[in-house]
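First comes the structure, then the notes that go with it.
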Amino acid sequence: MLEVNPEKRTQIEEKVQDLLSRMTLEEKIGQTRQCGPSLVGAFGMSFEEALNMMMDGKLSKAEFDKMIESAEMDLKEDDIRAGRIGSFNGVTGAERIHHIQQIAVEESRLGIPLLIGCDVIHGHRTITPIPLAESGAFEPSLWERTARMSAKEAAADGIKWTFAPMVDVSKDARWGRISEGAGEDVLMNSCYGEAKVRGYQTQDPSAPDAIAACVKHFAAYGGAEGGRDYNRVELSEQRLREDYLPSYEVAVKAGALTVMPAFNTISGVPCSCNSYLLTAILRGEWGFEGMTISDANAIAELVAHGAAADRKDAARLAMNAGMDMDMTSECYIEEMKELIESGAVSMAALDRAVSDVLRVKFELGLFENPYYMDEQDPETAFLKPEYRTIAREAADKSIVLLKNDPFGDRDAAAPVLPLSRDLHLCICGKLAAQRDEMPGTWAVNAKGNDCVSIVDACESQKVNYTFLETASADELSAHAAECDVFVAVIGEPREWSGEASSRSDLKISADQLDMVRRLLDTGKPVVAVLFNGRPIELTFLKENVPAIVEAWHLGVEAGNAVLDILFGDVNPSAKLTASFPYNAGTCPCYYDHPNTGRPGGRAKFTSKYFDAPLEPVYTFGHGLSYTTYEYSDLTAEVCPGNVPGDAAPGIDVQITVKNTGSRAGDEVVLCFFRDPVAERVRPVRKLAGFEKVSLEPGQSKTVRFHITRRQLGYFNSRMNFVVDPGEIDIYAGGSLESCLEASVRI
Ligand code: BGC
């Protein structure tokens with residue numbers, strides 16, 4: 001939680017009110033406007049058209065990038081001078097940012113600095129694993145450190161605000177943006193978001209190397225029907241509050257200075273004009289005093305939703321609901337003056353929005369130090385050796401060992417991995433050499449050549465290897481004999497996950513699977529290394545390949561980290577935070593589901609698909625190690641509740657874990673519970689806590705969890721929060737399947 005110094009708060013409030021009292025209506029409206037730079041001279045068409053041509057394959061990515069590079073940016077300098085812009089998104093480069101900031105500070109009437117935002121989602125230049133991957137490290141201090149590093153690099157580049165963390169619970173692997181968050185569980189997203197806010201903002205957001213966080217996408221964007229991006233979200237009030245809202249609340253209460261409402265509707269009301277969310281819950285219930293910013297163009301999109309009659313109506317609805325800043329739709333700047341003059345929006349509503357914007361600018365120290373990092377050479381501030389070390393650690397800790405069986409006639413006790421460095425590896429698949437693919441989605445400032453591919457890592461580490469891009473039959477007949485083991489590097493291109501990248505099918509492409517079949521036909525061991533941005537269909541690989549390494553999109557140190565795991569220099573420790581469904585048809589597929597009256601089974605009239613297993617191929621919490629762990633001594637006891645004056649109890653749990661193998665390892669211990677009888681049926685398992693422990697061979701540790709009353713309770717059908725007296729089942733261990741069980745009466 002950010003500690004707010006009351007004296008500083010009062011001073012800021014006075015400054016905000018003083019400034020506000022000196023502003024013209026136009027200047028006020030200007031503060032609520034965020035612009036993107038327009039590109040001029042590059043395209044004989046609009047940017048959108050060019051983008052669509054690239055998406056349709058009519059323009060290559062390289063051609064598109066070249067056009068952008070040759071473009072001149074219209075930075076709307078006259079508007080900055082006139083106080084008609086409060087913020088920019090998408091302007092990069094310290095010098096350029098310095099230039100526009102100077103115009104705002106030195107040439108505009110009131111000298112109000114610009115707030116420069118950017119999507120620094122998992123690294124600025126030192127790209128770290130996508131959030132879905134990094135969440136699998138189950139390590140809040142790592143999450144915080146990578147955010148700290150991103151903030152330092154971004155601040156050095158003139159950026160003072162990131163549109164992260166995304167804390168959208170994502171239960172559907174078809175949704176492309178599952179890659180940007182911490183998976184299917186709300187506690188995971190809460191802990192992940194809280195750590196990121198701490199890392200970006202620190203205790204003092206005005207520090208030169210701190211940047212503002214933006215909690216997004218408020219709310220429940222991950223609940224899109226059918227996993228289709230931007231689609232409607234239909235949730236009961238109870239489910240919204242139990243399974244989705246807590247992650248935003250935790251990140252807000254960690255002190256996040258800004259919040260971004262989501263594109264979607266909830267129960268028919270778009271989040272962008274949802275006063276229940278933006279005013280009643282966010283500000284009323286949670287006490288948020290920061291600033292809200294719409295998602296890109298989302299205010300204008302209220303017309304397409306069918307919520308607003310036209311752009312003016314959209315601006316009215318959004319402002320009156322509590323949306324402070326308009327990201328790039330230009331509805332506020334074009335329509336607000338008339339709305340105020342006609343009384344459709346009150347001056348008080350606009351003043352509130354402007355105060356929120358100014359308050360954030362003061363809290364970030366922009367008035368005192370608008371140029372923050374200007375004395376540092378940005379290029380030397382990027383990709384420092386110590387940053388690469390953190391990126392490699394994060395990548396090592398994000399890789400999930402999904403499967404590791406013995407192969408063929410090898411000693412049945414010896415799994416395929418780790419590999420000996422004496423072996424000759426045959427690395428197959430073009431993803432092994434594609435540096436550009438390593439950053440994954442939302443790495444806007446990434447440079448492909450900053451990334452180490454698997455082939456790069458093999459070169460620099462002098463691995464005995466052969467690289468075959470497609471492993472065609474001819475290539476294999478020429479090379480198979482000299483190789484000891486095949487490493488099939490397959491998965492999804494980075495463009496297949498992230499925004500607007502929902503899939504109706506989660507298969508690995510046929511050409512990649514054909515390649516795996518050819519490798520299996522050689523009769524030699526095959527290890528599959530996967531680069532992907534979401535859970536994908538792994539049925540074939542699970543049945544046929546002895547070892548599977550889930551490497552996600554790992555960022556700049558991808559290749560080195562994969563070799564760390566393959567050769568056993570690092571013992572894998574990550575676990576899945578999103579379940580891998582059998583196929584797309586079984587989505588959404590997640591661990592914390594209720595049972596139904598006819599839980600899926602063999603019998604005909606049960607809740608299942610008759611043509612596909614209901615169970616995930618790999619479920620939440622799955623992840624292997626090169627050592628083994630044994631769990632014992634699970635105890636669960638009722639303890640006094642954590643709410644003062646409230647007699648309702650919480651539960652203390654403890655369990656002992658021992659490293660029974662011969663290698664040191666880090667083990668993620670998971671604790672779940674179930675309330676088996678409740679007025680509103682509860683999930684079969686609910687994550688109550690996690691902790692990662694380091695264990696030498698033979699070493700044991702006892703891990704303690706405290707399950708709070710807030711976790712045990714739920715909203716009953718009359719929307720009262722209740723904790724049912726009765727039995728609570730406790731499960732703790734290394735994976736959902738292997739948990740020890742206890743039960744306790746509360
Ligand atoms: C995305 C946001 C992002 C914003 C700004 C939108 O399309 O939904 O997550 O922060 O663009 O670039």
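The values are calculated or read from the model by the stated rules, or taken from the named source; none is laboratory data. Everything numeric in this text was worked out from a predicted model, so none of it was measured. For neighbour counting, all protein chains shown are included, and Cβ atoms are generated from backbone atoms with ideal geometry for every residue, glycine included. SASA here: full protein model, heavy atoms, side chains in, ligands and nucleic acids out. Shrake-Rupley method; radii C 1.70, N 1.55, O 1.52, S 1.80 Å.
Counted over the chain, the DSSP beta bridges are approximately 60% antiparallel. Kirkwood analysis of the range 239-350, using all unique Cα-Cα pairs, places the hydrodynamic radius at 14.2 Å.
Taking a straight line from the alpha carbon of LYS658, these lysines sit under 29 Å away, with near neighbours fewer than eight places off in the same chain left out: LYS397, LYS403, LYS542, LYS575, LYS686, LYS692, LYS701. Note on ARG9 and GLU237: with the Förster distance fixed at 45 Å, the Cβ-Cβ geometry gives a FRET efficiency of about 0.85.
Just how large is the dipole of the range 629-745 about the Cα centre, in debye to the nearest 20, putting +1 at every Lys and Arg Cβ and -1 at every Asp and Glu Cβ? Don't jump to the answer; show the numbers that get you there.
Values: 14 positive and 16 negative charges, 72 e Å.
Dipole of the range 629-745, to the nearest 20 debye: 340 debye.
Treating each Cα of the range 629-745 as one equal point scatterer and applying the Debye formula with no solvent, the log10 of I(q)/I(0) at q = 0.15 Å⁻¹ comes out as -0.66. Per the Debye formula on identical point scatterers at the alpha carbon atoms of the range 478-608, with no solvent, log10 I(q)/I(0) at q = 0.12, 0.14 Å⁻¹ is -0.59, -0.77.
Note on SER743 and ALA414: the extension gain reaches 114.7 nm, defined as 0.36 nm multiplied by sequence separation minus the Cα-Cα distance.
May I ask you to work out the translational diffusion coefficient for the range 220-280 at 20 °C, viscosity 1.002 mPa s, via Stokes-Einstein with Rh from the Kirkwood sum over Cα pairs, reported in whole µm²/s?
Working: Rh = 12.1 Å.
Translational diffusion coefficient: 178 µm²/s.
Cross-link pairs exceeding 19 Å in C-alpha to C-alpha distance, out of LYS160/LYS361; LYS28/LYS216; LYS152/LYS196; LYS160/LYS216; LYS61/LYS216; LYS58/LYS430, comprise LYS28/LYS216; LYS61/LYS216; LYS58/LYS430. Model label sites at THR389 and GLN699, defined 7 Å from Cα along the beta-carbon direction, differ in position by 2.0 nm. Orientation-averaged projection of the range 397-586 equals 10.8 nm² [convex hull of Cα atoms, one quarter of hull surface area].
At 222 nm, what value in deg cm²/dmol follows for the chain if DSSP H runs of at least 4 each add -39500 (n - 2.57) and the sum is divided by all its residues, to the nearest 500? Mind dumping the intermediate values first?
Details: 22 runs with 209 residues, N = 746.
Here the helix-only value at 222 nm equals -8000 deg cm²/dmol.
Say a paramagnetic label sat at a point 7 Å from the Cα of THR380, along Cα to Cβ; which residues of the range 147-184 have their backbone N under 18 Å from it? Once the point is set 7 Å along Cα→Cβ of THR380, 152-158 turn out to lie under 18 Å by backbone N, inside the range 147-184.
All other residues whose Cβ lies under 9 angstrom from that of ALA254 are scored, Lys and Arg at +1 and Asp and Glu at -1, for a net of +2. Rolled with a 1.4 Å probe across the full set of protein chains, the surface gives ARG704 an accessible area near 150 Å².
Protein chains only, probe 1.4 Å: how do GLU289, GLU393 rank by accessible area, largest first? Show your work: numbers first, answer last.
Working: GLU289 95, GLU393 45 Å².
Greatest to least solvent exposure: GLU289, GLU393.
At a temperature of 25 °C and a viscosity of 0.890 mPa s, determine how fast the chain diffuses translationally according to Stokes-Einstein, using the Kirkwood radius over alpha-carbon pairs as Rh; express D in µm²/s, rounded to the nearest whole number.
Working: Rh = 27.1 Å.
D = 91 µm²/s.
Between GLU543 and GLU330, the contour length at 0.36 nm per residue exceeds the Cα-Cα span by 71.4 nm. Simple rule: put +1 on each Lys or Arg Cβ and -1 on each Asp or Glu Cβ in the chain, find the dipole, and look at VAL677, ILE730, ALA510; the Cα lying farthest toward the positive end is VAL677. Ordered by solvent-accessible area of protein heavy atoms (1.4 Å probe), largest first, the residues THR577, THR635 come out as THR635, THR577. Between the range 1-31 and the range 135-200, the C-alpha centres lie 29 angstrom from each other. Let me know the Kirkwood hydrodynamic radius for the range 275-431, please, with Cα pairs as the basis and the value in Å to one decimal. Taking every pair of different Cα atoms in the range 275-431, averaging 1/r and inverting gives 21.3 Å.
Averaging the Cα positions of each part gives two centres, and for the range 728-746 and the range 646-695 these lie 7 Å apart.
When the convex hull of the C-alpha atoms of the range 175-304 is computed, what volume per residue in Å³ does it have? Let's see the in-between values first.
Details: hull volume 14.0 nm³, N = 130.
Dividing the Cα hull volume of the range 175-304 by its residue count gives 107 Å³.
Dipole size of the chain about its Cα centre, with +1 on Lys/Arg Cβ and -1 on Asp/Glu Cβ: approximately 1620 debye, rounded to the nearest 20.
If you plug the beta carbon distance of ALA612 and SER342 into 1/(1 + (r/R0)^6) with R0 = 56 Å, you get a FRET efficiency near 0.45.
Heavy atoms only, 1.4 Å probe, whole protein assembly: order GLU153, GLU106, GLU499, GLU225 by accessible area, highest first. Walk me through the intermediate numbers first.
Working: GLU153 0, GLU106 120, GLU499 60, GLU225 95 Å².
So the residues, ranked largest to smallest area, are GLU106, GLU225, GLU499, GLU153.
Accessible area of ILE746 (1.4 Å probe, protein heavy atoms only, ligands and nucleic acids ignored): about 40 Å². Of the residues GLY255, LEU235, ASN274, the one whose Cα sits farthest towards the positive end of the charge dipole of the range 206-287 is ASN274 (charges of +1 on Lys and Arg Cβ, -1 on Asp and Glu Cβ, taken about the Cα centre). The separation of the range 518-568 from the range 275-345, counted between C-alpha centres, amounts to 46 Å. Our summary gives the chain a relative contact order of 13 percent, counting only alpha carbon pairs under 8 angstrom and 6 or more residues apart. Under a 5 Å amide H cut-off, with hydrogens placed 1.01 Å from N, SER87 pairs with ARG33, CYS35, LEU115 among residues at least 5 apart or on other chains.
Taking 0.36 nm per residue of sequence separation and removing the Cα-Cα distance, the ARG352/GLU95 pair yields an extension gain of 89.3 nm. Note on GLU379: accessible area approximately 110 square angstrom, rounded to 10, probe 1.4 Å, nucleic acids and ligands left out. The charge dipole of the range 397-586, taken about the Cα centre with unit charges on the Cβ atoms of Lys, Arg (+1) and Asp, Glu (-1), comes to about 440 debye, rounded to the nearest 20. On the principal axes of its alpha-carbon atoms, the range 105-235 has extents of 50, 33, 23 Å, going from largest to smallest.
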